[in-house]
Every structure is written in structure tokens, then in C-alpha cells.
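FYI, it's all coordinate maths here, none of it is from the lab. Predicted model only: the values in this text are computed from it and were never measured. Neighbour counts run over all protein chains shown; Cβ positions are idealised from the backbone, glycine included.
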Amino acid sequence: HYEANFETKVAYLKFKFAVTVEVTNIQEPSVIEAKIEGTPLGVVGRLTAKSITTLEQAGNETKVTYSVESTLAGKLGSIGQPVLRSKAKDMEKIFAQRLRAAFAPASPEAR
């Protein structure tokens, strides 16, 4: 069980959530599932999500697959759902780039 404050800005909208994450299923070493619930700070609504992350051996590498199903309810959902989905896709790309960089072999110049 984890608690955090999540904050992001999308165009002209600023989102802040008090978020709880509960790990609901672990199948070591390859699957982890979590339930996410968030209460927006300052706007009426609710964030709920379910995530599944799977690790799979692919030769000498590990393939990471994940999915997130999320819903914004209330007034926040009616005005922010499309904008937040777009931001989530951008954040996903940045996360993947940073993850690849973190696990990439060091170049000879960096040594």
C-alpha cells in the first residue's frame, strides 16, 4: 500500500491528486497488478485505475508490457478526461525513453 501526491499540468489545466496505490496481485517474477485511487485536490471528481505490468524473457533482454485502465469521474472527468489521456501518452513516451536510457550499456566514452 502506497500513498503519494500526484501533480501535473496539461495545457491550461493543473491536476493535483492525493493517490493511493494498492498492489493486488504478484506472480513472481513476471506479473504485478495494482489498483490506483485518487482524490483530486481542489476539484470535484475521482480518479480510479488498474494497472498490469508483465515481464517476459526475450532472448538476452526483458520485455516490459503494461496497461493502465483509468477513469476520471465527476466534474473533473467531464472537462479533463481527453486532456489527461493525451498527457498520459506523452508521459508514457518519456518514461519509456528514460527506462531504456537507464538500462542501456554504458558507451566507451562514458567510462
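Other residues within the sphere of radius under 15 Å centred on the Cβ of Thr8, judged by their own Cβ, net out at +4 (K and R +1, D and E -1). Taking label positions 7 Å along the Cα-Cβ direction at both Thr71 and Ala104, the computed distance is 4.0 nm, reported to one decimal. With respect to the chain, whose longest principal axis is taken over its alpha-carbon atoms, helix 74-103 is tilted by about 10°. Remark: the stretch 56-65, residue by residue, has Karplus-estimated 3J(HN,Hα) of 9, 5, 9, x, 8, 10, 10, 8, 9, 10 Hz, where x stands for each Gly or Pro and the curve is 6.51 cos²θ - 1.76 cosθ + 1.60 at θ = phi - 60°.
Report the gain in length on full extension from Glu37 to Glu7: 0.36 nm times residue separation, minus Cα-Cα distance, nm rounded to one decimal. Don't jump to the answer; show the numbers that get you there.
Numbers: separation 30, 0.36 × 30 = 10.80 nm, distance 1.42 nm.
Extra length available between Glu37 and Glu7 comes to 9.4 nm.
Charged neighbours of Ile94, selected by a Cβ distance under 15 Å, balance to +4 (K, R count +1; D, E count -1).
Within the same chain, lysines fewer than 8 places from Lys93 are excluded, and of the rest, those with a Cα less than 26 Å from its Cα are Lys9, Lys14, Lys16, Lys35, Lys50, Lys63. In the chain, helical runs assigned H by DSSP with n ≥ 4 each contribute -39500 (n - 2.57); averaged across all residues and rounded to the nearest 500, the mean residue ellipticity at 222 nm is -10000 deg cm²/dmol. Simple point charges give the picture: +1 on the Cβ of Lys and Arg, -1 on the Cβ of Asp and Glu, and for the stretch 1-67 a dipole about the Cα centre of about 420 debye. Highest-first packing order for the peptide set 98-104, 27-33, 83-89 is 83-89, 27-33, 98-104, based on the mean count of other beta carbon atoms within 10 Å.
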